[in-house]
Amino acid sequence: MEANLDLKGIFEKIKSLSIFGSKDLIGFDIGNASLKAIYLKKEQEGWRVVDYFYEELSPALRKDITSPERREEILKKLKNVFSTKFSKVKKVATSVSGNQVIVRNVKFPKMAPQDLEKTIQYEAEPYIAFDIRDVYLSTHILKDVIEEEQPKMETILVAAKRDFIDDRISIFQEAGVMPVIIDVDAFAVINLYEANYDSFYGENILFLDIGAGTTNLIITENGYPKVVRDLFTGSNEITNSIATALRVDFEDAEELKKKYGIVSTLELDEMENPDEAEQVSGIITNSIDDILSDARRSLDYFNTISETGGDVSKVVLSGGGAKLRNLINYIHLQLNIPCEIIDPWKNISTEDSFLKEHTPEFAVALGLSLRREKDTR
């Protein structure tokens, strides 16, 4: 059987499948540090969480995301959850990011969509760092524009390594389910925001999805993704730096990261161990500053291509790293832009305290769970 590859309507359907009758699907996020899944039901108004799954991977399995041991452990967990908690649902929406995926905002000469489909291998090659024969390619036309007095079309171009995508499809198939949608992490977050904020199409937003291994950076302009980047600084790097500096193991370093977060000068006097707090906080801010340096460069670039003046109205955080203590205030001060954590509970209902406590970690899975097969929005 073949799978349906569709990255939020941005990936063409390179393979086709329709062997299961149910429209229900599970949004499943295979992250660097944990597995998250959400099962939603559409209500008359909004959505309702039917069930969810969350399980952390051991620190040893986070170091090499391509290791056979990691794949074996993930497959074991997938088989278990789809034979128990999600036994009645056989379709999955999942997503990818990292150095196996390239996303570009590109302006191609104006042509019919079917003509672009025929010539995409040639049109895309200058923008892709991979061998064009080794990737799945797709485009999504955003809108028509005029550039240098020539008609063009602003397009999102996505390229993903074939072996990476094929393995992601395979691991779900081996677990007895079918990935009918494969999205990009960044677009899953945007999808979640769009479903919960009426203002999405009237503002410019910087999204930072701070995961364990990667930070997804997206800048949208009136709902259109204009800048999409994967930054290879994430929560694990912060934890590893703490572990090295303080000579503790990964688990202890993780606890110190959660305990202190970013500590202000005024708070140090109130700390039981101010020296330790200052050291941990300094390590955290060094990594966050790396992310913010990339964010500033992306904002500067956005200013040069923006059609609305380039002013970003807010920073929206998601991912496990978004929960770092005092991070919201720190980013607000550093970028001089209001900052908040994404709130998916405006149009999605749940009373589960664990889900609400771990909202940022579930952002990608929630965005995926809103998708439906053959949805090309």
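A few notes on this one:
- Once the Cα-Cα distance is subtracted from the 0.36 nm per residue extended length, the residue 340 to residue 272 segment shows a gain of 21.6 nm.
- Contact order for segment 201-341, expressed relative to its length and based on alpha carbon pairs under 8 Å spaced 6+ residues apart, stands at 29 percent.
- Cross-link pairs 23/76; 76/258; 79/161; 42/90; 41/323 - those with Cα-Cα distance over 22 Å: 23/76; 76/258; 79/161; 41/323
- Our summary gives segment 54-189 a relative contact order of 35 percent, counting only alpha carbon pairs under 8 angstrom and 6 or more residues apart.
- Each of residue 149 and residue 258 was given a label point 7 Å from its Cα along the Cα-to-Cβ line. The distance between the two points is 6.3 nm.
- Note on segment 180-322: Kirkwood hydrodynamic radius from all Cα pairs is 16.6 Å, rounded to one decimal.
- Length available on full extension from residue 372 to residue 247: 0.36 nm per residue minus the Cα-Cα distance, which gives 40.3 nm.
- Rel. contact order, % - alpha carbon contacts under 8 angstrom, at least six apart, the chain: 22
- The aspartates and glutamates within cross-link reach of residue 314, meaning a Cα-to-Cα straight distance under 12 Å and a gap of 8 or more places when in the same chain, are 203, 221, 340.
Coordinate-derived values only; no laboratory data. Since we're looking at a predicted model, the values are computed, not measured. Here Cβ is always computed from backbone atoms with ideal geometry, including for glycine, and neighbour counts include all displayed protein chains.
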